[in-house]
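Notes for the one structure printed next.
Values quoted throughout were computed directly from the atomic coordinates according to the rules given, and no laboratory measurement underlies them. Because the structure is a prediction, the values reported are computed rather than measured. Backbone-built Cβ (ideal geometry, glycine too); neighbour counts: all protein chains shown.
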Amino acid sequence: MDPLISETRIAVADATGLAARMVNHLAEHDITFEQQDGLMVAKLPFGTSTLAVEAEMLKIRVEAPDKGKLEMLRSVVASHVIEFAGEETPTIVWEGHESNGHTLASFREVQLKASRDLTPHMRRLTFVGDDIARFVSDDDLHVRMYFPPEGLDKPEWPWPAPDGRIMWPEPDRRPVTRYYTIRRIDAASREIDVDFVLHDHAGPGSDFALKAKAGAICGMAGPLGRGIRPARWFMLAGDETALPAIARILESLPATASGEVFLEVADQREELPLTAPSGMSIRWLHRGDAPPGSTQLLAEGVHTVRWPEHPDIFAWVAAEAQAVRGLRKHLRDMRGLTREQHLAVAYWSLRTS
């Protein structure tokens with residue numbers, strides 16, 4: 001399938017300086033531009049962006065496999081152009097595959113159908129919605145969920161502006177967003193299962209999972225968030241927030257896969273039955289009464305891994321931000337894994353006083 005394409009030509013006084021500031025900023029987030037035939041080209045998780053400077057003109061082209069990802073690219077470009085243009089207010093007009101202006105192409109409104117407790121601190125919510133086939137993906141495991149303020153007769157959702165930026169309702173009507181893993185999806189029955197960790201100090205998602213009744217409305221956009229890459233041997237590690245993603249990854253592995261899995265939870269009551277290839281060794285790490293994010297259990301477990309001698313491996317880690325930073329450093333510096341051999345993602349951040 002040919003990619004969808006949008007282009008814009010933006011008149012600015014210092015196009016060269018603006019382009020350099022954008023490129024340097026994105027490089028800080030592991031997004032790098034390569035020179036190709038006089039153009040600067042960057043590969044992003046949801047598409048490709050091409051940048052060229054022509055006198056006092058910035059020419060930008062974005063390509064993506066579907067309209068939702070194309071809107072995301074346009075939003076990233078437009079917001080960065082405006083941020084780094086300084087005192088200028090550039091006019092941005094996109095051509096090709098315009099948005100409808102009402103809702104994001106990747107957005108779906110869903111309704112809570114049922115909920116049930118899997119463990120004392122894990123609750124599964126089943127949602128129903130129309131046209132949810134776009135969320136059926138083993139490459140992107142996650143969705144962005146939108147939780148509207150309580151008491152609204154009709155929820156209000158973000159929409160794409162003509163310049164490509166994503167616009168939001170007024171603060172008192174604006175939904176709160178969080179990222180979650182789709183645990184199960186059945187496009188035929190229109191059902192989506194999402195597992196929520198019930199925290200002691202509930203955030204927006206946990207609060208919704210605790211209080212929402214059947215019929216409650218929320219939003220969902222995506223899919224996004226990379227999963228694993230093909231390999232012969234895998235190392236997976238995470239706390240309870242990563243448990244839904246790890247469970248889904250294990251179910252998607254070929255029967256011949258082997259490797260090691262480390263899962264940190266409070267105690268045995270928080271363990272869930274997992275379906276995995278026989279070659280995957282699963283170790284549950286119990287932190288007891290210690291607060292989440294306060295132990296070294298995951299790091300200690302990963303440090304004991306017996307890595308195979310062949311290079312056909314992939315490591316996937318998700319947990320609290322500080323823990324992930326340490327594990328990423330271990331995988332890169334101590335184990336020497338390349339960017340293609342691992343993915344380490346911060347799912348949440350421990351608040352400190």
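Of all beta bridges DSSP finds with both residues in the chain, what is the antiparallel percent, to the nearest 5?
Given both bridge residues lie in the chain, the antiparallel proportion sits at roughly 70 percent.
If you average the sequence gap of Cα pairs under 8 Å that are 6 or more apart and divide by the length of segment 107-226, what percent do you get for the contact order?
Rounded, it is 41 percent for segment 107-226.
Write down the radius of gyration of segment 233-348 and its Dmax, each obtained from C-alpha positions, in Å.
Looking at segment 233-348, its Cα Rg and Dmax stand at 13.3, 39 Å.
Given the rule -39500 (n - 2.57) for each run of at least 4 DSSP H residues, summed and divided by the residues of the chain, what is its mean residue ellipticity at 222 nm, to the nearest 500 deg cm²/dmol?
That comes out to -5500 deg cm²/dmol.
How large is Rg over Rh for the chain, taking Rg from the Cα atoms and Rh as the Kirkwood inverse mean of 1/r across Cα pairs? Please list the in-between numbers first.
Working: Rg = 21.8 Å, Rh = 22.2 Å.
That ratio equals 0.98.
What ranking do LYS43, LYS113 get, fewest neighbouring Cβ atoms within 10 angstrom at the top?
LYS43, LYS113
How many lysine pairs in the chain, separated by 8 or more positions in sequence or lying on different chains, have Cα atoms less than 27 Å apart?
Taking the chain as the scope, the lysine pair count is 13.
Roughly what percent of Cα-Cα pairs across segment 4-84 reach past 16 Å?
Every Cα pair in segment 4-84 considered, those over 16 Å come to 47 percent.
Arranged from highest to lowest average of other beta-carbon atoms within 10 Å per residue, in what order do the peptides 255-266, 155-166, 209-220 appear?
Averaged packing, sorted descending, gives the order 255-266, 155-166, 209-220.
Can you list, largest first and rounded to whole Å, the semi-axes you get for segment 259-300 by taking the square root of 5 times each eigenvalue of its Cα gyration tensor?
Its equivalent ellipsoid spans semi-axes of 21, 13, 6 Å.
Exposure proxy check: THR50, THR338, THR181 ranked by fewest other beta carbons within 10 Å?
Ranking THR50, THR338, THR181 by Cβ neighbours within 10 Å, fewest first, gives THR338, THR50, THR181.
Once you keep just the Cα pairs under 8 angstrom separated by 6 or more residues, what percentage relative contact order results for segment 233-348? Don't skip to the answer; put the middle values down first.
Details: 190 pairs, mean separation 33.2, N = 116.
Relative CO of segment 233-348 lands at 29 percent.
Where does each of ILE5, ILE132 land when they are ranked from fewest to most other beta-carbon atoms within 10 angstrom?
Going from least to most buried by this count: ILE5, ILE132.
How large, in Å, is segment 173-214 by the Kirkwood hydrodynamic radius built from its alpha-carbon pairs?
That comes to 11.9 Å for segment 173-214.
Can you tell me the relative contact order of the chain? Whole percent, Cα pairs under 8 Å, sequence separation 6 or more.
13 percent
Using Stokes-Einstein with the Kirkwood hydrodynamic radius over Cα pairs, what translational diffusion coefficient do you get for segment 145-237 at 25 °C and a viscosity of 0.890 mPa s, in µm²/s rounded to a whole number?
Values: Rh = 15.9 Å.
Answer, rounded: 155 µm²/s.
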